[in-house]
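I have placed the structure first, in the form of structure tokens, so that the comments after it can refer back to it.
The values are calculated or read from the model by the stated rules, or taken from the named source; none is laboratory data. Not measured: the values here are computed from a predicted model. Don't worry about glycine lacking a Cβ; one is built from the backbone with ideal geometry, like all the others, and counts go over all protein chains shown. These area figures cover heavy atoms from the full protein model, side chains too; ligands, DNA and RNA do not enter into them. Shrake-Rupley method; radii C 1.70, N 1.55, O 1.52, S 1.80 Å.
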Amino acid sequence: AAKKAGKNCWRFYEPVLLQETNEKMVLTNGLRRGLERGEFSLQYQPQFASSGEYLVGFEALLRWNSADHGFMPPNRFIPLAEQTGLIVPIGEWVLTEACRFARRLSDMGKEDIHVAVNISPRQLVSENFVDKVRSCIEYAGIKPGQIEIEITESVFIESVNDAVLKLCQLREIGVILSLDDFGTGYSSLTYLRSLPVGVLKIDKSFIDEIINDQAQLHVVGAIINLGHTLGLTIVAEGVETEKQLKILSEYRCDRIQGYIFSKPLTEEAAIELAQGM
Ligand code: C2E
Ligand code: MG
Ligand code: MG
Ligand code: MG
């Protein structure tokens, strides 16, 4: 766009571009230092069976409380971490932490409560990723089935073959694979058959609309049914109201994650919740 804009526009836009680049650099350095200084933490959001009676798992969600920038939501720093490749070391830290948490659960006799970890495309295709997952699991002394790995459809946009190969290797280890944010990408229910995933997470944007939009409700119903036909476990994300919960259990959605049951919890609060189950 800058090329077409001509001489005058160049002069006009240049400072803006520089400023943007500078901000990114500052934030990137902040991320790097944040990792060294231990500014990252994980919160754990419970997933319940649709009845609400059983705690089936937790999703680990990254938090960054930066000394320089204050609290930063993941949607602001994860894309940058992904761009710069910093998501690889950060993601390794996340995986190690999540496995340590899973070990606390199994020590309590709660090894059937899984821990889900979000993995960025860049991370999945990074070198030795599968070996790193394996050694995190071994180091923590947990069963592979305690860990669920969440990927999004964007991993298949680039390097499909590498992504699928790595997912197959992860499945061989015994890790559970989950497709996150389903419905927002190039979702095709038919190609799901060829992917080694066992869990489908329906995106919050779909769940938001099932109350007011009859058509959307049918779409969600169809996703659940077809997902079940393919042998998948279905999770609804971002469930906030009783009405949504009621509809989703009628449609036999397997798991519910959302504020209706719980916001993401600190590790100690999550342990306490699991303890009481
Ligand atoms: P996600 O994996 O789809 O995670 C679900 C997001 O929805 C979380 O936001 C969660 O707090 C939020 N949420 C859950 N239930 C409700 C609800 O009932 N209402 C509302 N309004 N929100 C709900 P969060 O923690 O801000 O994370 C945003 C995204 O950042 C995640 O979306 C995921 O894509 C990414 N992310 C978080 N942690 C990590 C990580 O460790 N690694 C990577 N690569 N990405 C991460
Ligand atoms: Mg997720
Ligand atoms: Mg999601
Ligand atoms: Mg998301």
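Any residue that is within 16 Å of ligand 4 (Cβ to nearest atom), assigned to a loop (DSSP other than H, G, I, E, B) and either touching a residue at least 24 places away in the same chain (Cβ under 8 Å) or closer than 19 Å to ALA116 by Cβ (or both) - is there at least one of those in the stretch 208-218?
no
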Residue list for the stretch 177-221, restricted to those being open to solvent by less than 50 Å² (accessible area, probe 1.4 Å), over 20 Å from the mean Cα position of the chain (by Cα), more than 16 Å from ligand 1 (Cβ to nearest atom) and of a type in the set (A, V, I, L, M, F, W, C) = LEU217
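Pick from the stretch 153-189 the residues that are among the aliphatic types (A, V, I, L, M) and outside any helix (DSSP H, G or I): which of them is farthest from ligand 2 (Cβ to nearest atom)? Full working, then the answer.
Taking the stretch 153-189 and keeping what is among the aliphatic types (A, V, I, L, M), we get 155, 157, 160, 163-165, 167, 170, 173, 175-177, 179, 189.
Next, only the ones that are outside any helix (DSSP H, G or I) stay: 157, 175-177, 179, 189.
Working: ILE157: 18, VAL175: 15, ILE176: 13, LEU177: 12, LEU179: 10, LEU189: 20 Å.
Taking the candidates together, the pick is LEU189.
So, of the residues in the stretch 11-68 that are acidic (Asp, Glu) and at pLDDT below 95, which turns out to be nearest to ligand 2 (Cβ to nearest atom)?
Let us first name the residues in the stretch 11-68 that are acidic (Asp, Glu), namely 14, 20, 23, 36, 39, 53, 59, 68.
Restricting the remaining residues to those that are at pLDDT below 95 gives 14, 20, 23, 53, 68.
Details: GLU14: 38, GLU20: 28, GLU23: 27, GLU53: 23, ASP68: 27 Å.
So, considering only residues that are acidic (Asp, Glu) and at pLDDT below 95, the one nearest to ligand 2 (Cβ to nearest atom) is GLU53.
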Given PHE129, PHE156, which one is farther than 25 Å from ALA270 by Cα and open to solvent by less than 10 Å² (accessible area, probe 1.4 Å)?
-> PHE129
From the options VAL115, VAL133, residue that is in contact (Cβ under 8 Å) with a residue 60 or more places away in the chain, in contact with a strand residue (DSSP E or B) (Cβ under 9 Å, 6 or more places away or on another chain) and under 20 Å from GLU172 (Cβ atoms) = VAL115
